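In what follows, a single structure is set out as structure tokens and then discussed.
The values are calculated or read from the model by the stated rules, or taken from the named source; none is laboratory data. These numbers come from a predicted model, not from an experiment. We place every Cβ from the backbone using ideal geometry, glycine too, and count neighbours over all the protein chains shown. The area values use the complete protein model at the heavy-atom level, side chains included, leaving out ligands, DNA and RNA. Shrake-Rupley method; radii C 1.70, N 1.55, O 1.52, S 1.80 Å.
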Amino acid sequence: MVLFSFLILIFWDGVDRNFLIGNFDPSKNTDFVVINPEFTTKSEIYMHSKAYEAFKTMYKAAKKDGIQLTIVSAFRSFSYQNNNIWEKKWAAQAKNNQHDTITLYNLLKYSAFPGTSRHHWGTDIDLNSVSDQYFDTPYGKKVYKWLNKNASKYGYCQPYSDKKSTNRTGYEAEKWHWSYTPLASRFQKAHISLITENDLKSVKGNEWLKPLNILEKYVSTKGTSCN
Ligand SMILES: [Zn+2]
């Protein structure tokens, strides 16, 4: 067992459980960089340097085509996802005394369970706006069309693509969420291998998690453009 664990550690090349569930400080991780304010609406926001380099190349190409790409979210830690997003949404449900698997299922349509977000890896970014209304505007449609046509040239794909036209399970479609595949697919595989529900035990609602099969249905799936 010890040898097996050792081999897993070597195989994943420094990718450990804490990294995969976002339980680390990006300012102390040499693979992570602060995004220049030119590219983002947020201050002091981090992403993985390789995903960032690819984004900058994509950004320039988009600009030449009249498309402005702005990062509105990138790396999010476990504690941010838990304290600033998840616990607030969970607490709002407490008012109605609705805490069960169905509540959890509804929250999981658009909010990642802390420890299962692709934003933990620094490979995934939200672009321009996290609202469907934006992507329904003429300019939003243009942006989305450009990304669909060109993002793959820079290693980016849309993991939360339309669910109706594919057999994808998990989070609802997010036109704004783009993932740097060369790294993200590696971290996704590592997540599938190393993370268990036991690693998510501290999160509120954990006791309702089992029937939802979150690790298989929400982490393991991906949009067709990410294959
Ligand atoms: Zn996102």
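Observations
- Shape metrics for the range 2-226, restricted to C-alpha atoms - Rg then Dmax, Å: 17.5, 57
- Judged by the mean number of other Cβ atoms found within 10 Å, the most tightly packed of the peptides 127-134, 178-185 leads the ranking 178-185, 127-134.
- Portion, in percent, of the accessible area of the chain that falls on carbon or sulfur, probe 1.4 Å: 53 percent
- In order through the range 148-157: 3J(HN,Hα) via Karplus (6.51 cos²θ - 1.76 cosθ + 1.60), integer Hz, x for Gly, Pro: 4, 7, 10, 4, 5, 5, 10, x, 9, 9
- Estimated from helices alone, the mean residue ellipticity of the chain at 222 nm is -10000 deg cm²/dmol (sum of -39500 (n - 2.57) over DSSP H runs with n ≥ 4, per residue).
- Counted over the chain, the DSSP beta bridges are approximately 90% antiparallel.
- Accessible area in square angstrom per residue, the chain, 1.4 angstrom probe: 52 Å²
- Greater than 25 Å apart at Cα, pairs in LYS64/LYS141; LYS28/LYS149; LYS164/LYS201; LYS28/LYS63: LYS28/LYS149; LYS164/LYS201; LYS28/LYS63
- Straight-line cross-link partners of LYS175 among the aspartates and glutamates, defined as a Cα under 17 Å from its Cα and at least 8 positions apart when in the same chain: ASP124, ASP126, ASP132, ASP136, ASP162.
- Choice from GLY115, GLY205, GLY170 with maximal GNM fluctuation in the chain (Cα, 10 Å cutoff): GLY205
- Using θ = phi - 60° and Karplus 6.51 cos²θ - 1.76 cosθ + 1.60, couplings along the range 201-212 (whole Hz; Gly, Pro as x): 4, 7, 7, 4, x, 3, 5, 9, 6, 3, x, 7
- The modelled label-to-label distance for the pair VAL72/THR166, using points 7 Å beyond Cα in the direction of Cβ, is 2.1 nm.
- For LEU127, nonlocal amide neighbours, meaning residues 5 or more places apart or on other chains whose placed amide H falls under 5 Å from its own, are VAL72, HIS177, TRP178.
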